[in-house]
Amino acid sequence: MAFRREDIERVRHATNIVELLEGVTTVRKRGRTFTAICPFHQEKTPSLSIDVGQGLYHCFGCQAGGDVFKFVQETQGLDFSEAVEQLASRAGIALQRDPEAVRRRGDRELLIEATRRAVDFYHQRLKKGHDAGGARSYLRGRGYDVEVIDRFLLGYAPGGELWDELVIHLREAGVPEKVMIDAGLAVRSSRGRLRDWFRGRVMFPIFDLRGEPVGFGARLLEGEGPKYLNSPETRIYQKARLLYGLNWAKPDITRAGFSLVVEGYTDVIGLHLAGLPQAVATCGTALGEEHFDLLRRFAERVVLAFDADQAGAGAAIRGDELEIPVKLNLDLRVAVMPEGKDPADLVRAGELQVMRDAVEESQPLLQFRLTRELERFDLAEPEGRARAVRAAASLIARQRDDLVRREYARFVARRVGTDFDLVVAEIRGESDAGRAEDQPPDSEPRRRSGVERAERELLRALLANDARLGDTEIDASLFTDGVFRDAYLLLAPAVAGLPAGEPPDLAALIGEGDAGPPALLRALALDALPISDPPALVDRLRAWRIERDIAELRHVLDRTDPSEEPETYSTMFEQLIALERTKRELGDR
């Protein structure tokens, strides 16, 4: 965090969250509460609730939520510090840098600056180095002239007998050896000598969202080694959070309403040059949730455009295993490429319209998966059709939307040539089986449901610091659900010492939390229903806890022989009597 905590809180309290949301969506006032059309998913009826006092929002439709800083981050593609700066400027608040944060930021800047020097070194070596002829020939073969090389800052890392050309260059520029290593530009050999990380490769600089150089992707020209080598993980280069080309593509993604994910750096460059500047690629890793989370800041539609071979199809299929579409409310699609061609091939062959058509006709990811799955079976045989239906049903059952399930059931029934109702029944069976696996057996489902409701209500009372709680004793053992218990442990210290009726500063406590206890507390705080009688809730939860203790003690007693363990049996029997007495006392209140 680059700023002092007290300054961040001043900005938070000076920002009117309703005015902030009104800048991007429709906000409606109902009595003393505010609701809005959620900007994070498509809807007609407002499902986003706003807590003006706390500066929080929570959507009960897609579960998006947070504080004023999170809203600016999500809607404008900024990081936390940038969001703080923007809101501080809006509120007219001068920010002071936290000294420790400034030091950390200074360390980061040293890594960025060293990487920037490396970008320039490799770029100039490609353009002017006598040893870079092979690299220039390779790039010319892909149709890249000097203008393209300059636009994307492509470079060449010396190889052969030259082991430390970059190290020498950076050392002469005053870059410390530790910074070279920490930036992933150099590595120490077994003999203790510092040598370049990249050697004999065409260099593709990788930039973060701000456009700062953080690492490289590098293609081997000749010799042994992996075809592509990326920078090692560093403080500034974390490939799970980076997409090649996103620094250039983000405004075009926002304007076009979709991003185009391709496999390689040359695919990105080719599409940008050919008029599809929405293209991005991962940096030597599989697509992950954080990549999609990055992309949804700019557009909900994400089109995967991989070549049609087995590896490309597999990459597209793996995206579904992440359950990204449902979790992040994405329109995730697949553009099917002609057999044996990738986007860069189509651009070089002058077949850009084929590429555009593939994007335009992209299929929803589930449809793509189902089509691929059904192709595995011989649908001319009865057993083949049965196996195809079962395989398809297991995929469709992951969809939560019943209408979508039924439409895909029709799709499968038509493709396989079987009865629609049979497909629906198979999907229902897969869905029920999945739920049974996900949920442990519950011997008292209605009692458990009552406990959960009471625990939620007690948390709501604590969030409001309800005066009716008075001197009621509450502890973590009242909560059987782990998330509820953790939420209580997070909330209790913030409530302690506050005058009755004064709610805690929830925004400062949980504003940026995306899941678990913070998300639970935010949703409960925005629940407008009246709060049940808190002392009665506590008594009810205590009674249920005692019932659990009694059941467990009876279970142990039943398995204890009083003739062999008389003292143990006697002690437990006295405990049981005491618990039964406490239970009656609670029931008499």
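Look through Phe34, Phe40, Phe60 and report the one residue that is in contact with a strand residue (DSSP E or B) (Cβ under 6 Å, 6 or more places away or on another chain), among the hydrophobic types (A, V, I, L, M, F, W, C) and surrounded by 14 or more Cβ atoms within 10 Å (Cβ to Cβ). Even if it seems obvious, please write down each step before you answer.
On the way: Phe40 fails: in contact with a strand residue (DSSP E or B) (Cβ under 6 Å, 6 or more places away or on another chain); Phe60 fails: in contact with a strand residue (DSSP E or B) (Cβ under 6 Å, 6 or more places away or on another chain).
Within the list Phe34, Phe40, Phe60, the selection yields Phe34.
When you scan the range 94-109, how many residues do you find that are at pLDDT 85 or above and either surrounded by fewer than 16 Cβ atoms within 10 Å (Cβ to Cβ) or on the phi > 0 side of the Ramachandran plot (or both)?
So the count comes out to 2.
Provide a single number: the residues in the range 185-212 that are on the phi < 0 side of the Ramachandran plot and over 23 Å from the mean Cα position of the chain (by Cα).
19
Taking strands (runs of 3 or more DSSP E) that do not extend beyond the range 114-224, which have at least 1 residues that are β-branched (Val, Ile, Thr), farther than 22 Å from Asp267 by Cα and without any contact (Cβ under 8 Å) to a residue 60 or more places away in the chain?
Because the criterion is at least 1 residues that are β-branched (Val, Ile, Thr), farther than 22 Å from Asp267 by Cα and without any contact (Cβ under 8 Å) to a residue 60 or more places away in the chain, the strands (runs of 3 or more DSSP E) in the range 114-224 that meet it are 186-188.
Sort out which residues of the range 481-507 are within 17 Å of Leu524 (Cβ to Cβ) and either surrounded by fewer than 17 Cβ atoms within 10 Å (Cβ to Cβ) or not aliphatic (A, V, I, L, M) (or both), and write them in order of number.
Filtering the range 481-507 down to residues within 17 Å of Leu524 (Cβ to Cβ) leaves 481-492, 494-495, 503-507.
Matches in the range 481-507: Asp481, Gly482, Val483, Phe484, Arg485, Asp486, Tyr488, Leu489, Ala492, Pro503, Pro504, Asp505.
Matching residues to (1) modelled with pLDDT under 85; (2) assigned to a helix (DSSP H, G or I); (3) among the β-branched types (Val, Ile, Thr):
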{"residue": "Val389", "(1), (2), (3)": "no, yes, yes"}
{"residue": "Ala393", "(1), (2), (3)": "no, yes, no"}
{"residue": "Glu437", "(1), (2), (3)": "yes, yes, no"}
{"residue": "Ala454", "(1), (2), (3)": "yes, yes, no"}
{"residue": "Arg460", "(1), (2), (3)": "no, yes, no"}
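Within the range 225-235, track down each residue that is assigned to a loop (DSSP other than H, G, I, E, B) and touching a strand residue (DSSP E or B) at 6+ places or on another chain (Cβ under 6 Å).
Residues satisfying the conditions are Lys227, Ser231.
Is it the case, given these coordinates, that Val404 is part of a helix (DSSP H, G or I), of a type outside the set (D, E, K, R) and either surrounded by fewer than 21 Cβ atoms within 10 Å (Cβ to Cβ) or in contact with a Pro (Cβ under 6 Å, 6 or more places away or on another chain) (or both)?
Numbers: part of a helix (DSSP H, G or I): yes; of a type outside the set (D, E, K, R): yes; either surrounded by fewer than 21 Cβ atoms within 10 Å (Cβ to Cβ) or in contact with a Pro (Cβ under 6 Å, 6 or more places away or on another chain) (or both): yes.
It is true that Val404 is part of a helix (DSSP H, G or I), of a type outside the set (D, E, K, R) and either surrounded by fewer than 21 Cβ atoms within 10 Å (Cβ to Cβ) or in contact with a Pro (Cβ under 6 Å, 6 or more places away or on another chain) (or both).
Just wondering, is there one or more residues in the range 70-77 that are assigned to a loop (DSSP other than H, G, I, E, B), modelled with pLDDT of 80 or more and out of contact with any strand residue (DSSP E or B) (no Cβ under 6 Å at 6 or more places or on another chain)?
Checking the range 70-77: not a single residue is assigned to a loop (DSSP other than H, G, I, E, B), modelled with pLDDT of 80 or more and out of contact with any strand residue (DSSP E or B) (no Cβ under 6 Å at 6 or more places or on another chain).
Which of the residues spanning the range 112-150 are surrounded by fewer than 14 Cβ atoms within 10 Å (Cβ to Cβ) and of a type in the set (D, E, K, R)?
Answer for the range 112-150, where residues must be surrounded by fewer than 14 Cβ atoms within 10 Å (Cβ to Cβ) and of a type in the set (D, E, K, R): Lys128, Arg140, Asp145, Glu147, Asp150.
Which numbered condition trips up Gln54, out of (1) over 22 Å from the mean Cα position of the chain (by Cα); (2) at pLDDT 85 or above?
Every condition holds for Gln54 apart from (2).
Among the residues that make up the range 198-217, is at least one of them surrounded by fewer than 21 Cβ atoms within 10 Å (Cβ to Cβ) and farther than 24 Å from Phe121 by Cα?
No, that holds for no residue.
Report whether or not Glu177 is in contact with an Asp or Glu (Cβ under 9 Å, 6 or more places away or on another chain) and either of a type in the set (A, V, I, L, M, F, W, C) or not assigned by TED's automatic domain parsing to the domain that holds Asp79 (or both).
In short, no.
The values are calculated or read from the model by the stated rules, or taken from the named source; none is laboratory data. Note that the structure is predicted; figures quoted are calculated from it, not measured. Heads up, the Cβs are rebuilt from the backbone with ideal geometry, glycines too, and the neighbour counts pull from every protein chain shown.
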